[in-house]
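To start, the structure under review is shown below, and the notes come after it.
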Amino acid sequence: CQATCGADCITYAPCLSLPGDGGGDGDGDGDQAATCSILTIDYYNGFNIHFQVNEDDAKSLMPDSRFTPLRSDDVKIPVSVGGKRRHLKKKSKRGNYPLSLYTAAIGVEFAGQQVTSRRADLFSYAVGPDQKLSLVILTAYIEVPLPFQSNSTLLEAFKKSVTDLALDSRTGLIAFKHVFVNTFVIEKEDYFFMAGGDLQEKTIQITLGDDCDKEIGVFPIEFVLANSITWRSSIDKNVNYFNQDFILASVSTYEISKDCPSSTNIDAILEELPASASLSGIETYGSDEEAITWQFEDSTDSAGTPFLTLAEKNAAIDLKRTTFSSLWLARSSAPETIIRLRQGANSVYVLWEIDDSKIDEMSGVLNLPLLGLSMAPTRTHAGEHSKFYFMLNVYTSEIEGDPSGEATRFEYSVFVKKEGQESDRPFYMVIEAGSSNASIDPVYGETPAKISTITRDGDVISFQADEFVASIDIGENTPLTVDPEWLYANDFVFWGNGVYDKVFLDTSFTLQRPKKGVMTIESGSFQWATFLVDINEPDYADVYEDENRFIVNPWNGIEEMQARLSQAPPSNVVIDLIVSLGTIQAIKQGFVPAIALGNAAAIAAGQQPLVDYTILGDYPNNPKIMLNFKVSKNSIEELARAINMPDGLELVPMSVSEDSKSEIIVSLEVFLLTLPFEIEGFDDEFKVVWTTYVKNSETNVVSLFDIFPFDTPQAMYDIGGILETAPEEIAVNTGTSLDVSIKDADTEFYISAPFVSTTVVKGISPQWVNAHQQVYWNKNVVDQYHHNGDLYYAKLLPIDEKKVTFGREGGAAWLDLIDEKPFEAFYFDGVCTFVTSPYDNLEELYEGIE
């Protein structure tokens, strides 16, 4: 029907019965014909039934927070109270926010014939995101033509032809409720009746009667203006055109009193409305002889909204899969890879203190001096002193792409630091490991399965690591706060041959608070027990009750360690280590390209991609600068609207440095970005990012929200947000100052900041670090992030903001809502690597919309 008749396919038999192949050209290939942009409809016997609701209920009916409900007086809808009609001037407990059921006989011309049906639409009134008076459609009541009522095939085709004109462009689903009825009667200035069909046994009826007082007039101009736009979703609207037939139509307005209407049965309508709804007025207009003609034009547009249409979303998904699949194909020749690892719920971390008198002996057994490592004390929990710890970790593990599936692993570890290391930061070293599945081991190559189990029964977690069997009772214990030093010891996880994994964390681990339990040894022991103060008295037996998510860059430093051992005096230990390194080097040379090719195929089929990149901030060689601008209290709500912030997010204060005042801010960062592997067409390049900080009201997670500053068409951006575009030119010059020029067609920014001494440094706020779990982009698209200790341990070099020059010409409207000058400025001193799952929520975006 639509393919043949275009937008003029409204509901009816002349169109529904047209032959064809479903395509507009009749060639059988299903092509869609060009649709009419304007739909013309004649109205007869208009019957408007008005209701009132309170403010909260009116707000609940808005498509999203960008819409503001209108009061009755805003659109001059008369309200009858106690038999007297008046325009409400003040809020009342009953509520004075209007809803209206517009009812009329509708005529559409097909091939010279007038086809008539009846329809009623329930509307609320709003100021839309465009700041114009408008309607928001809530429910439609549609008369089913008699020939279709007893033919299920025709009935379904009829319903589809109606609802296909009422879709939400974000989801492709029906945007509002449709009620199809079999009996629909309108008698001018007297009677309105609906029954049958979806109403089942219910009826809707109003009889005005002879005792109704009425006034004759015309529609107020505010009411007419509201009728010029009809929203069916947050981005879909009709622009409605009418002439003086409607503007100057004779309108009869009826007083609602005990005698008028003479009879009503509107419970079926009230059931669709909020609890505060009550009947407040009735109007009739038009006649059954002379039509009032309207024209409707669909005006769906996602520009300036926080949404994508379904077509845009699907195009973005295709682009995402193609782009990042190609990126992983290019990565097949890279020397390194990254892997998702999920650590299941109820993972166990047991920490024992190592006997100080046995530190050197244990170091020798582990060949630490030969590997360029030494034992390091570690602070594991907030407020505790550093100790030399030995740790057992038992957990369920699932590696993305591993065909063996989930396994239970145990790992015995100590903490070490590297020879020549500038800081005293400790890192993990796994000295023994086992898995319930046969696995690839970075020391021995392929290893057979070992007994490794973990189960939970109530508050008791039972586990076995080879011969060691124990349980932990966490009872009602208060969750603990772990120390960042222990968290970021994961940056490097060394193995017994000196090879190391790089591990990246998100807030599933960094913000999760484990429960401290009481451990009971059931049986057995392990070979390292002799080095401990007391195997029966661990310092901590912690349980992480929720899962943890990690990204692992496996098996680094092979060549480095081979070079080191080649200079060591020959021995059986050295020979064994060299053989081990050669074995895993051959395995790695096989699995790195295999993972890349497998990920390329999986991403093309829908797997979420991963991308790792490094932001250079090795001051002053590759300076990264941040300028922070305040947002005044009076501008906060306006800024949220101006940047099209989606519902469910709110702007929150942020402190960037450890002693910054927490305020609502917008941050400008300029930095050099590099990829860890070469890809044709990509060179290290400077990026410009404007960011504010938001909290998800449902999860309470604080995240970054990247804002687009240019008034230019939007297109795909390489690593940044979906539907973003890079500026035409970024020029960065260094000497005694950092000078940045950022230009686009209609916009220019410029920054000049002096270089500063490195003797004054500030730490980064943990709140700012944790906000890097998620980055919201335009259209509610989210990147998920993992980071390591590079971010936490980076330093800020303060710049005197009075010596910073910042200026702009042009730019997006939201830039007028922030201060003209930054209130603080920093250089970063630290190179930070991130792993992102870009556009992570695209596939699920808007699925919750009803």
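The values are calculated or read from the model by the stated rules, or taken from the named source; none is laboratory data. Not measured: the values here are computed from a predicted model. When we count neighbours, we look across all protein chains shown, and the Cβ atoms used for this are built from the backbone with ideal geometry, even at glycine. These accessible areas exclude ligands, DNA and RNA; they are computed on the full protein's heavy atoms, side chains included. Shrake-Rupley method; radii C 1.70, N 1.55, O 1.52, S 1.80 Å.
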Along the Cα→Cβ direction, 7 angstrom out, place labels at Thr68 and Glu729. What is the inter-label distance in nm? 4.1
Computed FRET efficiency, Cβ-Cβ of Val574 and Glu398, R0 45 Å: what is it to the nearest 0.05? 0.80
Using a probe of 1.4 angstrom, how much of the accessible area of the chain is carbon and sulfur, in percent? 49
Karplus ³J(HN,Hα) for the range 419-430 (6.51 cos²θ - 1.76 cosθ + 1.60, θ = phi - 60°; Hz, whole; x = Gly/Pro) runs 4, x, 5, 5, 9, 9, 4, x, 9, 5, 9, 7
Hits for the chain under the membrane-span-like helix rule (DSSP H, Cα axial span at least 27 Å, Kyte-Doolittle mean at least -1.0) are 310-330, 572-604
Have a look at Leu122, Gly364, Met519 and report the one farthest towards the positive end of the charge dipole of the chain, computed about the Cα centre with Cβ charges (Lys/Arg +1, Asp/Glu -1). Leu122
Name the lysines eligible as straight-distance cross-link partners of Lys762: C-alpha to C-alpha under 17 Å, and not fewer than 8 places from it in the same chain. Lys624, Lys661, Lys795
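With every protein chain kept in the model, how would you rank Glu748, Glu406, Glu467 by accessible area, 1.4 Å probe, largest at the top?
Details: Glu748 55, Glu406 105, Glu467 135 Å².
Ranking Glu748, Glu406, Glu467 by accessible area, largest first, yields Glu467, Glu406, Glu748.
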Report for the chain the percent antiparallel among DSSP-assigned beta bridges with both residues inside it, nearest 5. 95
In the range 409-556 the DSSP beta bridges are antiparallel at a rate, in percent to nearest 5, of 95
Keeping all protein chains in position, work out how much accessible area Leu146 exposes to a 1.4 Å probe, and write it in Å² to the nearest 10. 130
Can you work out the FRET efficiency for the pair Glu406 and Glu658, with r the C-beta to C-beta distance and R0 = 56 Å, to the nearest 0.05? 0.90
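Which value in deg cm²/dmol, rounded to the nearest 500, describes the helix-derived mean residue ellipticity at 222 nm for the chain, given -39,500 (n - 2.57) per DSSP H run of n ≥ 4 and division by the residue count?
Here the helix-only value at 222 nm equals -4500 deg cm²/dmol.
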Under 5 Å between amide hydrogens, which residues at least 5 positions from Val482 or on another chain qualify, with H placed 1.01 Å from N in the peptide plane? Ala382
Report the extension gain between Gln527 and Leu597 in nm, rounded to one decimal, defined as 0.36 nm multiplied by the number of residues separating them, less their alpha carbon distance. 21.1 nm
Point-to-point label distance, Ala438-Ser228, nm (Cα→Cβ direction, 7 Å offset): 7.6
With unit charges on the beta carbons (Lys and Arg positive, Asp and Glu negative) and the dipole taken about the Cα centre of the chain, which residue among Phe219, Ala195, Ala489 sits farthest to the positive side? Phe219
Once you sort the root eigenvalues of the Cα gyration tensor of the range 413-540 as a ≥ b ≥ c, which label holds: rounded (a/c under 1.5), prolate (a/b larger than b/c) or oblate (the other case)? oblate
Would you work out which of Trp328, Pro261, Thr284 lies farthest towards the positive end of the dipole of the range 254-340? Charges go on Cβ: Lys and Arg +1, Asp and Glu -1. Trp328
Charge dipole (debye, nearest 20) of the chain; +1 at Cβ of Lys and Arg, -1 at Cβ of Asp and Glu: 1440
May I ask you to compute the full-extension gain from Lys132 to Thr40, defined as 0.36 nm times their residue separation minus their alpha-carbon distance, rounded to one decimal in nm? 30.8 nm
Using label points projected 7 Å from each Cα along Cα→Cβ, tell me how many nm separate Glu336 and Glu847, to one decimal. 3.3
To the nearest 0.05, what FRET efficiency results for Gln589 and Asn621 with a Förster distance of 35 Å applied to their C-beta separation? 0.60
Please list, ordered by chain and number, the residues whose modelled amide H lies under 5 Å from the amide H of Asn437; skip anything fewer than 5 residues away on the same chain. Thr408, Lys450
Partners for Lys132 among lysines (Cα-Cα distance below 23 Å; same-chain residues under 8 apart left out): Lys59, Lys76, Lys89, Lys90, Lys91, Lys237, Lys779
Match the structure shown to one of the listed values (1) 28.4, 105; (2) 34.2, 114; (3) 36.7, 124 of Rg and Dmax of the Cα atoms in Å, computed from it, and give that label. (2)
State the extension gain, in nm to one decimal, for the chain segment bounded by Lys802 and Val365, taking 0.36 nm per residue of separation less the distance between their alpha-carbons. 151.5 nm
Using amide H atoms built in the peptide plane, which far-off residues or other-chain residues are under 5 Å from Phe180 H to H? Ile142, Asp198
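What is the sum of charges around Val179, taking Lys and Arg as +1, Asp and Glu as -1, for the other residues whose C-beta is under 9 Å from the C-beta of Val179?
On the way: positive: Lys177; negative: Asp198, Glu272.
My count for the surroundings of Val179 gives -1.
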